[in-house]
Amino acid sequence: MKASLVSKIIIILCFLTLVAGFLRVDKYNPFVKTETQNSISNTNKIAVINLDGAIASSAESSFFSLDANASSLLKSLINLQTDNEIKGVIVKINSPGGTVAMSQNIYNQIIRLRDKKPVIVLLDDVAASGGYYIASAADRIIAQEGTLTGSIGVIFSVMDYHNLLTGKLGINPVVIKSGKFKDIGSPTREMTADEKHLLQDIVNDSYNQFIEAIIRGRINRNDNYNTEKTLLTAENLKKYADGRVFTGRQAKQFGFVDMLGDIDTAKNSIENMAQQKFNNNLPAKLINYSKRGTLGEYFSSFAEYNSKSNFQLKDFIPTSMILSRKPLYLWE
């Protein structure tokens, strides 16, 4: 009875949230036109978008953060390339990293976007591994002194419970395969030396791609923005790209971030860069450019969120295990 009442209350709150969202008065609500648009027409409109949580094509859903996962960020970055009203972009990152391919998708979109308008990444509590990979594509990176970042590297995790199956439960899996590597990473048997060598090659190549991305995004930056910029040397990249994490203050010292500060620092910097890029002296107006979900997406997200309201075993499983059998730009 109590659980039913809680569910009803949550449904009512969700409905009210939807109504409030659709009635929100701003330029990005296509159903409402007010004088608000005119009040910011004489400004450099700066988009603020967010990335929260692990980076993956299908991120863990949360009803209240539908607009902050990797897929939504990617869509926003694509839309921003053709949105001429936006003169600069701030990407706020709070992520330990995630899958290699999705990190690369977002990185590439930021690289394309910064050719058209300035992009600043603002690091939050944690912006490590894939979070930093993405950040390295921006024109400038800003972090708090206590931000945890770095963790430049790759991890590939698989579970091995073959001793439990065969030794404790008496279960002997039988696999018919076309080649000796077809079931590589199987948790039902011990990994062979050849398999470990093959996977190590994959990890090493993914790591080299990480290094190449940082070199392209930061070391080989070539812009004319008269905005604070910290040089990352090849020597420091080689020295500190060993998987270690460091604070924002250390990252500034080593050259991995350009400035220390908060959203106000980012706003002042992006305003200055937009004025230089578009040759005007207009002030900046921050716009929340979060992706607005469809009604179906909201209810689908709510259903998943509600079903996870109680603790589950997977809540205690490391992300590398949830995203196992693939190389990850991840710190945990």
Sort the following peptides by mean Cβ neighbour count (other Cβ atoms within 10 Å, averaged over residues), highest first: 127-137, 74-84. 127-137, 74-84
Built amide H within the under 5 Å cut-off of Gly88, gap 5+: Ala47
Using modelled amide H (1.01 Å from N, peptide plane; none on Pro or chain starts), what sits under 5 Å from the amide H of Asp125, excluding residues fewer than 5 places away? none
Size of region 85-243 as Cα extents on the principal axes (Å, biggest first): 67, 34, 26
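Taken together, the values in this text are just the output of simple stated rules run on the coordinates, not laboratory data. This one's a predicted model, so the numbers in the text were calculated from it and none came from an experiment. No Cβ is skipped: glycine too gets one built from the backbone with ideal geometry, and neighbour counts run over all protein chains shown.
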